[in-house]
There are 2 protein chains.
Amino acid sequence: MVVQHSETHEVLMLGYTNREAFDYTVHHKIAAFWSTSREELWVKGKTSGNVLHIKEIRVDCDQDALVYIADLEGSGVCHTKNADDQFRTSCFYRMLRFSENDDDKLKFLEK
Amino acid sequence: MVVQHSETHEVLMLGYTNREAFDYTVHHKIAAFWSTSREELWVKGKTSGNVLHIKEIRVDCDQDALVYIADLEGSGVCHTKNADDQFRTSCFYRMLRFSENDDDKLKFLEK
């Protein structure tokens, strides 16, 4: 599912859910994911403090995708950090230069 | 990958890509997807006219997710239609009521 910031409307991250993670999210109004690498419930922010407070959940036409519109508590959702040693706001902190003859194909939007 | 409207910032749809669809997208600056149901390249709008013109592509931290920020030509990206017989702008046209004691759990944001 997609996580979108409720105020900036920035897409913050993409994650997976299942029944357990979805039920947790709806019950606690905090985003939880299903970690496909660790195969376990992943309550976002439990370790990092970067908690996503759910404001709205949207469902797509064929009901196999969700958008979580959320408030962010903490500096960011990403596990990577910026130059100031803060978690980056969004996992999508790089832009692909696809129309320029540039050797550096990835431009950092947040360093 | 996530498609986001370049002006309204609304999340329009979620789709899959592969090398072929991605190369098409970068070359033509039009969103193409990999149809997982038909197992073929799906150039968005070829039949419907609802073309997504790519303005920006963002890449996530572990480089397995993309955001396509796009201009929409046509009424909407969804294959479903609204009450005016127009394609709905976004596939996420319903909101889940998760904090109310309401029998009607899905609220239409666009009818």
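The values are calculated or read from the model by the stated rules, or taken from the named source; none is laboratory data. Please read all numbers here as calculations on a predicted model, not as lab measurements. Backbone-built Cβ (ideal geometry, glycine too); neighbour counts: all protein chains shown. Please note that ligands, DNA and RNA were not included when accessible areas were found on the heavy atoms of the full protein model with its side chains. Shrake-Rupley method; radii C 1.70, N 1.55, O 1.52, S 1.80 Å.
How far is helix B:19-28 tilted off the main Cα axis of chain B, in degrees rounded to 10, range 0 to 90? The helix B:19-28 is inclined about 90 degrees to chain B. Taking the Cα of residue A:111, stepping 7 Å toward and past its beta carbon, and measuring to each backbone N in region A:68-84: which are under 13 Å? It comes to A:82-84, nothing else. Each residue of chain B gets 135 Å³ once the volume of the Cα convex hull is shared out per residue.
Summing both sides, how much accessible area is buried between B and A? Use a 1.4 Å probe and give Å² to the nearest 100. The buried area between B and A, both sides summed, comes to about 3000 Å². Using C-alpha pairs below 8 Å separated by at least 6 residues, the relative contact order for chain B is 21 percent. Taking a ≥ b ≥ c as the square roots of the eigenvalues of the Cα gyration tensor of the protein assembly as shown, is the shape rounded (a/c under 1.5), prolate (a/b larger than b/c) or oblate? Judged from the Cα gyration tensor, the protein assembly as shown comes out oblate (a/c at least 1.5, b/c at or above a/b). Of all aspartates and glutamates in the structure, the ones whose alpha carbon falls short of 14 Å from that of residue A:81, not counting any fewer than 8 places away in one chain, are A:110, B:60, B:62. Label-point spacing at residue B:23 relative to the other copies reads 4.6 nm, in ascending order, each point sitting 7 Å out from Cα along Cα→Cβ. A 1.4 Å probe run over the protein chains yields, for region A:26-84, 52 Å² of accessible area per residue, whole-number rounding.
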